[in-house]
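As structure tokens, the structure follows; a few thoughts come after it.
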Amino acid sequence: MSVCSDKWIRRMAVENAMIEPFVDGQIKVDADGRRVVSYGLSSYGYDLRVSDEFKVFTNVFSAMVDPKAFDDRSFVDIKTDVCVVPPNSFALARSVEYFQIPREVLTICVGKSTYARCGIIVNVTPFEPEWEGHVTLEISNTTPLPARIYANEGLAQVVFFLADDVCETSYADRAGKYMRQRGITIPRL
């Protein structure tokens, strides 16, 4: 397995619609000249953006978090340019970009250092071969303070690995339960 370069990522994004919308290069300043948490193509990865849709966990309804029987009352839906994640709390969000992963590729997604240095942990499971969809992003605020997450700015970096051999069974072959997800997708069995 080898890490994919910016040239490979660009070619796959342009020719195969692997990332839509695709930003060719690092954006660090918005159209109004304000600094943003960077996003777009980097040397050996792609920095995805978080959309303006969030599901912030709350204990208002005394719901139980259970992956086998997820209760929608566990969170509140928020559409905003800046999401405030409460202290020691958690939110779900989604990527702006829609990904279509080739059969010979596996990705790992890690949080950006700007957020990590603020105590914000971004957890994303690997994008398996032939998975496609918006990425559901898990955002943990590990601090005792409220934390801001900026919509339409960078949140995590995707690193692409090209396999030496094509897998026997892809995510699409298995009809994975999170295939072609749109929006924020809560746990499914």
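The values are calculated or read from the model by the stated rules, or taken from the named source; none is laboratory data. The model shown is predicted, which means the values in this text are computed figures rather than measured ones. Here the Cβ is made from the backbone with ideal geometry for all residues, glycine too, and neighbour counts use every protein chain on show.
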*Here are some residues: 61, 54. Which one is modelled with pLDDT of 95 or more and among the aromatic types (Phe, Trp, Tyr)?*
54
*Within the range 100-127, which residues are more than 25 Å from residue 145 (Cβ to Cβ), assigned to a strand (DSSP E or B) and without any contact (Cβ under 8 Å) to a residue 60 or more places away in the chain?*
107, 108, 127
*Considering each residue of the range 4-35, count those that are touching a residue at least 60 places away in the same chain (Cβ under 8 Å), over 14 Å from residue 97 (Cα atoms) and in a loop (DSSP other than H, G, I, E, B), and give that number.*
1
*If you go through the range 66-94, how many residues are among the basic types (Lys, Arg) and without any contact (Cβ under 8 Å) to a residue 60 or more places away in the chain?*
2
*Which residue, of 97, 138, 130, is touching a residue at least 24 places away in the same chain (Cβ under 8 Å), among the charged types (D, E, K, R) and in a loop (DSSP other than H, G, I, E, B)?*
130
*asked:* Looking only at residues that are within 21 Å of residue 135 (Cα to Cα) and either at pLDDT below 95 or touching a helix residue (DSSP H, G or I) at 6+ places or on another chain (Cβ under 7 Å) (or both) in the range 17-41, which one is surrounded by the fewest Cβ atoms within 10 Å (Cβ to Cβ)?
replied: 24
*Which one is nearest to residue 49 (Cα to Cα) among residues in the range 66-82 that are modelled with pLDDT of 90 or more and of a type in the set (D, E, K, R)?*
81
_Residue tally, condition in a loop (DSSP other than H, G, I, E, B), over 24 Å from residue 6 (Cα atoms) and among the β-branched types (Val, Ile, Thr), over the range 145-189_ = 4
